[in-house]
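What follows is a single structure, written as structure tokens, with notes after it.
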Amino acid sequence: MDFFDTAEGWGRDQLEQTQLVRLKSTVAHARKCNFYRERLDAAGIGPEGIQSLDDLRRIPFTTKQDLRDQYPTGMLCVPTSEIVRMHCSSGTTGSPVAICHTQNDINAWADLMARCMYMVGVRRDDVFQNMSGYGLFTGGLGIHYGAERLGCLTIPAGAGNSRRQIKLAKDFRTSVAHILPSYALILGEHLRKMGEDPRDFPLRIALVGAEPYTEEFRQRIESLFAMKAYNSYGLSEMNGPGVAFECLAQDGLHIWEDAYIAEIVDPETGQPVPDGTVGELVMTCLCRQGMPILRYRTRDLTRFLPGQCACGRHHRRMDRIVGRADDMFIVKGVNIYPMQIEQVIMTFAEVGQSYLILLENDGIGDLMRVQVEIRDEFFVEDMRVLQGLQKAIAQRLRDEILITPKVELVQSNSLERSEGKAVRVRDLRAKK
Ligand code: ADP
Ligand code: ZN
């Protein structure tokens, strides 16, 4: 097989031996900041405290709150003069955290990102257009450096501005793009409005990630543009993109285990769940000098996929993210994730690019409304046809989530768009 680097092709033994060596040195290095030294001492883990990979479990978790408490530089493990860049998480779930990188950290990250892209067939002849926001968001520079590392002509287009995206892609024959799932459908719609068939657009591959989306959503993106869309997972706390990525088999995301150790735990107890069971992903970085992070509770829910991947790589795979623990909402006592809604509505051909879940309280109980954009060609249908569709969607949703939401069909482009990650739920219930 054609690998970007040797570690990509390592077998289990080699991966685990390397993980142990790197875990030992990471834990010893992490002691250079007060935060980890105190935490590790309290857990009885001295400088030589790691003897086997199982010892990882003795290390206390690191949470987002810890990172907020240590903001901005409390967790630095090198002198500030060694730091060349910082990034922040998008702040989707609260105040942001800052992650600082040395030059080596940046280089290692670019290599991992290049490995992801190479794995799905991106080569130096490709023209790469990064359609995600730059600035503090890691999906900008993080992916940018990976593409340059591969030798692609790299266009830092940034987020939004579909007209300019389309012009750049046509003028430079962009063959690969990094794009948020919610924006991919919006861009396709823009092309259609211009009287063009998105299938004629030069793209052949898209790296799609940064927010949860369903398999149904991926299929839409792929067929809309007649291209392949590969799931890209990462988080700022673990650098950003380049943590886990789908291979050509599109059957789960390979977690780069030479650079990270992944665990999946029960969010309540913190104990590991059996393989195949959904739990919270916990990540440890093994190659970071600036700000090593141990056993980070990502709040992202997924499961390990059992067995080996058809592609032959030995890095373990995780399933697509079901959602964030923080995304879950409760209506009439039922726990619901936005992706359960998306999975249902995206199977309807009439449904357009966007949807919004509204949670309200009418004084008697909770109400859930799902606003669904309908493609223009269907919106002109007979009232009865639309009512039938509305009913069909509501029924399928009830089968999935066990309560019947009110479904509202709205015109395409009528729901608010965000430049960054899509907002799928608006909770308007009065907080008690
Ligand atoms: P924030 O947590 O503020 O959004 P980041 O910009 O670091 O900060 O985003 C990382 C988060 O984005 C992940 O923890 C995860 O919830 C989400 N995410 C990233 N990639 C994917 C993906 N491919 N599928 C689902 N969710 C993703
Ligand atoms: Zn694979």
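The values are calculated or read from the model by the stated rules, or taken from the named source; none is laboratory data. Quick caveat: nothing in here was measured; it's all calculated off a predicted structure. Don't worry about glycine lacking a Cβ; one is built from the backbone with ideal geometry, like all the others, and counts go over all protein chains shown.
In this structure, L286 does not satisfy being in contact with a Leu (Cβ under 8 Å, 6 or more places away or on another chain), surrounded by 15 or more Cβ atoms within 10 Å (Cβ to Cβ) and not assigned by TED's automatic domain parsing to the domain that holds D13. In this structure, is E400 within 26 Å of Y233 (Cβ to Cβ) and in contact (Cβ under 8 Å) with a residue 40 or more places away in the chain? Yes: the conditions hold for E400. Answer yes or no as to whether D319 is of a type in the set (D, E, K, R), under 30 Å from C33 (Cβ atoms), touching a residue at least 24 places away in the same chain (Cβ under 8 Å) and in contact with a Ser or Thr (Cβ under 7 Å, 6 or more places away or on another chain). Answer is no for this residue.
Among L207, L153, L191, which is under 21 Å from R124 (Cβ atoms), of a type in the set (A, V, I, L, M, F, W, C) and away from ligand 1 (no atom under 16 Å from the Cβ)? Explain how you work it out, then say what you get.
On the way: L207 fails: away from ligand 1 (no atom under 16 Å from the Cβ); L191 fails: under 21 Å from R124 (Cβ atoms).
Matching residue, one of L207, L153, L191: L153.
Each residue in segment 26-44 was checked for being out of contact with any helix residue (DSSP H, G or I) (no Cβ under 6 Å at 6 or more places or on another chain), assigned to a loop (DSSP other than H, G, I, E, B) and within 18 Å of L286 (Cα to Cα), and 2 of them qualify.
Looking across segment 309-332, the residues that are modelled with pLDDT under 95 and more than 9 Å from ligand 1 (Cβ to nearest atom) come down to A325, M328, F329, I330, V331, K332. Here is a list: E400, E419. Which entry is over 13 Å from V331 (Cα atoms) and touching a Gly at 6+ places or on another chain (Cβ under 6 Å)? The match here is E419.
Please pick out the residue among A259, A249 that is farther than 24 Å from E342 by Cα, more than 15 Å from ligand 1 (Cβ to nearest atom), in contact (Cβ under 8 Å) with a residue 12 or more places away in the chain and small (G, A, S). Steps first, please.
Working: A249 fails: farther than 24 Å from E342 by Cα.
So the residue among A259, A249 that is farther than 24 Å from E342 by Cα, more than 15 Å from ligand 1 (Cβ to nearest atom), in contact (Cβ under 8 Å) with a residue 12 or more places away in the chain and small (G, A, S) is A259.
When S95 is tested against (1) polar (S, T, N, Q); (2) more than 26 Å from G146 (Cβ to Cβ); (3) surrounded by 13 or more Cβ atoms within 10 Å (Cβ to Cβ), exactly one condition is not met: (3). Scoring L40 on the criteria (1) surrounded by 15 or more Cβ atoms within 10 Å (Cβ to Cβ); (2) in contact (Cβ under 8 Å) with a residue 24 or more places away in the chain leaves a single failure, condition (2). Residue pairs whose Cβ atoms lie under 8 Å apart, sitting 6 or more positions apart in sequence or on different chains, and linking a residue in segment 331-344 that is more than 16 Å from E360 (Cβ to Cβ) to a partner that is among the hydroxyl-bearing types (S, T, Y), are M339/Y213; M339/T214; E342/Y213; E342/T214; E342/Y355; Q343/T214. Quick one: in segment 205-216, which of the residues that are outside any loop (DSSP other than H, G, I, E, B) and in contact with a strand residue (DSSP E or B) (Cβ under 9 Å, 6 or more places away or on another chain) is surrounded by the most Cβ atoms within 10 Å (Cβ to Cβ)? Among those residues, the one meeting the criterion is L207. Only residues that are more than 22 Å from Y233 (Cβ to Cβ) and in contact with a Pro (Cβ under 9 Å, 6 or more places away or on another chain) were counted across segment 191-217, and they come to 2. Please work out if D275 is at pLDDT 95 or above and more than 17 Å from the chain's Cα centre (by Cα). It is false that D275 is at pLDDT 95 or above and more than 17 Å from the chain's Cα centre (by Cα).
Under the condition of being among the hydroxyl-bearing types (S, T, Y) and within 16 Å of ligand 2 (Cβ to nearest atom), the residues counted in segment 306-349 number 0. Residues in segment 283-313 that are of a type in the set (D, E, K, R) and at positive phi: R295, R299. Quick one: would you say S175 is more than 26 Å from M318 (Cβ to Cβ), assigned by TED's automatic domain parsing to the domain that holds V120, more than 16 Å from ligand 2 (Cβ to nearest atom) and touching a Lys or Arg at 6+ places or on another chain (Cβ under 6 Å)? For S175, the condition - more than 26 Å from M318 (Cβ to Cβ), assigned by TED's automatic domain parsing to the domain that holds V120, more than 16 Å from ligand 2 (Cβ to nearest atom) and touching a Lys or Arg at 6+ places or on another chain (Cβ under 6 Å) - is met.
Confirm whether G290 is in a loop (DSSP other than H, G, I, E, B), in contact with a Ser or Thr (Cβ under 8 Å, 6 or more places away or on another chain) and more than 16 Å from ligand 2 (Cβ to nearest atom). Before the answer, list the steps.
Working: in a loop (DSSP other than H, G, I, E, B): yes; in contact with a Ser or Thr (Cβ under 8 Å, 6 or more places away or on another chain): yes; more than 16 Å from ligand 2 (Cβ to nearest atom): yes.
So G290 passes the test.
Considering segment 303-360, the residues that are assigned to a loop (DSSP other than H, G, I, E, B) and under 16 Å from the mean Cα position of the chain (by Cα) include one that is farthest from I221 (Cα to Cα), namely R303.
Which of the following residues is closer than 27 Å to R426 by Cα, buried (at least 20 other Cβ atoms within 10 Å of the Cβ) and in contact with a strand residue (DSSP E or B) (Cβ under 6 Å, 6 or more places away or on another chain): S89, S132?
Details: S89 fails: in contact with a strand residue (DSSP E or B) (Cβ under 6 Å, 6 or more places away or on another chain).
Step by step, each of S89, S132 is checked, and only S132 is closer than 27 Å to R426 by Cα, buried (at least 20 other Cβ atoms within 10 Å of the Cβ) and in contact with a strand residue (DSSP E or B) (Cβ under 6 Å, 6 or more places away or on another chain).
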